[in-house]
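The values are calculated or read from the model by the stated rules, or taken from the named source; none is laboratory data. Predicted, not measured: the structure shown is a model, and the values here were computed from it. Note that we place each Cβ from the backbone using ideal geometry, even for glycine, and neighbour counts take in every protein chain shown.
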Amino acid sequence: MAKANYIRHPNPMHRGNPLVEGLGFPLAKQQIHTQCGVSFVEGLDLTGVPEELHGYYTRSSILNLFSLHVVQDEMVEIYEAIRLGIEVSYLGRNPLNDDWQGILAAIEADKDAPLKSLNIRRLNLLENSYTFLISGLSGRGKSSMVKQALEQIEQKIEHTAYSMSDGTMKPCPLTQITYVYVEHHDRVGQKAFLKAILDAIDEATGEQYAYKQRNSSVYELIQTVRKAVVKHHIGALIIDEAQNFAPSSSDFKIGTNEKTSMKFVEELVNTLGVSTIFVGTFSALELFAKEMTITRRTLRAGSLNLASCDVESGFWKNLCHALFNSVRFSAARDSDEALRYKLHDLTAGIPAIAVSVVQATLRFLSYFEASKQTLTASALEHVFLKQFSPLSGPIAALHSMRVRSDYKAYEDLKPMRLLEMVNPKNAHHDVEKLKAVESKAKQMMQEYERDNAKLLRGKVQVIPHKPPRTAYEVDASQESDKMSPDNFLSMLGED
């Protein structure tokens, strides 16, 4: 918990509101880049380690690449979207105004008809909130950027007294929760979604709403969520995996078995002035197109759509430099430029796949003797074909000019499940699995040496091709109505 860091807000709409001015100044662009980056953890020390185990611990250090975080070009926009959403949501909820608790009275009055919310709507809080959508390819870094942005914003702020414009101090004893973050999994029903929000509020506040309301009806849960949002001064609700929302039906209903739609979220919290930040794949963009009232506010607040990274973008260059130079073998290797273009060709500019392919290649090379540990474009391709071949179809579809037809064919296959086989989330493997990995690595070494023996020796100059717009880049604003890659790369998690 942090203490309120009051400023005099330059915007007169927010001036005099401790919930906004207590946030302090936002981070500048350079601060965001400095504070959100996470360097590779190096310093491998093999002193005292038997020589036959050096390879094992080298591979252990290679896995540190998964903790590396290179700040993407869109990071500033995401941070500012969340921060502005929090500020805007407090326009109608100034705790210094005597009538702010009237919101709680309105919630209580509407408990028997939460859909109509007549008393809440009379407060005109809906227009104080905004909805922002962050959509794009899975593995592009959406979730990781959102989480990095949230780490830069104090979630829990303690207020005691506020200095008024005339210099007097007015008591303001309250604890403010600036945001709550929820992951929406597998099109769960309204009851499960409401409980997930209560769990997130409990985690932030130390309350026990979810436990106390474990046997409550959907109507009762709606009341509890709304009151908790107002009582704890929650500014924004960030909902990840938004592609899992169900389309709104023409006869919108509330019930235990009813699926959760964006319309439900709008009725739940946007009517209270709370902002919502949706994070999901491009299919979430399709849902927005069908939700007219939400789309109107989304267009007003803006949205961010992330397709493949450009091979010449600053982020892709920085990412590749970090990947290729974090773990360096003593043997000669291809230039960073050659490796960068090859990696982009193999992964279609998806950062999460790029990290996985490079760390898998480095682990593969670590089984060779030192003189043969050469990081080359052919080594990247060899490992990709052996360990990531199920991704060839989706990657080719992204490269293809026929993205709309080819790419959609993979939306239900979830090919990125195979990344769990290459980079399992559970680090505790039994001995048999480890033996299988070692055996597979040795087999790949033999195949690679046979294939490599047939190649011409010497240096190759890679001449980059720079078309005005590459075929695999998707203009989400134009293609989203027909392209729905909601499951492609869905198992990457930190996307």
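Give the stretch 85-106 a look and list any residue that's free of Cβ contacts under 8 Å to residues at least 24 places away in the same chain, of a type in the set (A, V, I, L, M, F, W, C) and not in a loop (DSSP other than H, G, I, E, B), or say none.
Of everything in the stretch 85-106, those that are free of Cβ contacts under 8 Å to residues at least 24 places away in the same chain, of a type in the set (A, V, I, L, M, F, W, C) and not in a loop (DSSP other than H, G, I, E, B) turn out to be Ala105, Ala106.
Quickly run through the stretch 286-327 and pick out the residues that are of a type in the set (Phe, Trp, Tyr) and at pLDDT 90 or above.
Across the stretch 286-327, the qualifying residues are Phe315, Trp316, Phe324.
Residues of the stretch 62-91 being buried (at least 19 other Cβ atoms within 10 Å of the Cβ) and over 30 Å from Asn305 (Cβ atoms), which ones?
Result: Ile62, single match.
Tell me which residues, restricted to the stretch 237-252, are surrounded by 12 or more Cβ atoms within 10 Å (Cβ to Cβ) and either at pLDDT below 90 or not in a loop (DSSP other than H, G, I, E, B) (or both).
Answer for the stretch 237-252, where residues must be surrounded by 12 or more Cβ atoms within 10 Å (Cβ to Cβ) and either at pLDDT below 90 or not in a loop (DSSP other than H, G, I, E, B) (or both): Leu237, Ile238, Ile239, Asp240, Ala242, Gln243, Asn244, Phe245, Ala246, Pro247, Ser248, Phe252.
With the requirement that a residue be among the aromatic types (Phe, Trp, Tyr), within 18 Å of Leu65 (Cβ to Cβ) and either out of contact with any Ser or Thr (no Cβ under 8 Å at 6 or more places or on another chain) or surrounded by 23 or more Cβ atoms within 10 Å (Cβ to Cβ) (or both), what does the stretch 350-391 give you?
Across the stretch 350-391, the qualifying residues are Phe364, Tyr367, Phe384.
Looking at (1) under 21 Å from Asn64 (Cβ atoms); (2) charged (D, E, K, R); (3) modelled with pLDDT of 80 or more; (4) out of contact with any His (no Cβ under 8 Å at 6 or more places or on another chain), can you tell me which one Asp336 breaks?
In the conditions (1) under 21 Å from Asn64 (Cβ atoms); (2) charged (D, E, K, R); (3) modelled with pLDDT of 80 or more; (4) out of contact with any His (no Cβ under 8 Å at 6 or more places or on another chain), Asp336 misses (4) alone.
When you scan the stretch 205-225, do you find a residue that is under 16 Å from Lys156 (Cα atoms), at pLDDT 95 or above and either crowded, with 18+ Cβ neighbours inside 10 Å or touching a strand residue (DSSP E or B) at 6+ places or on another chain (Cβ under 8 Å) (or both), even just one?
Yes: one or more hits.
Criterion first (out of contact with any Pro (no Cβ under 7 Å at 6 or more places or on another chain), surrounded by fewer than 20 Cβ atoms within 10 Å (Cβ to Cβ), outside any loop (DSSP other than H, G, I, E, B) and not assigned by TED's automatic domain parsing to the domain that holds Leu150) does His33 satisfy it?
yes
How many of the residues in the stretch 40-50 are within 24 Å of Val71 (Cα to Cα) and either surrounded by 12 or more Cβ atoms within 10 Å (Cβ to Cβ) or of a type in the set (Phe, Trp, Tyr) (or both)?
2
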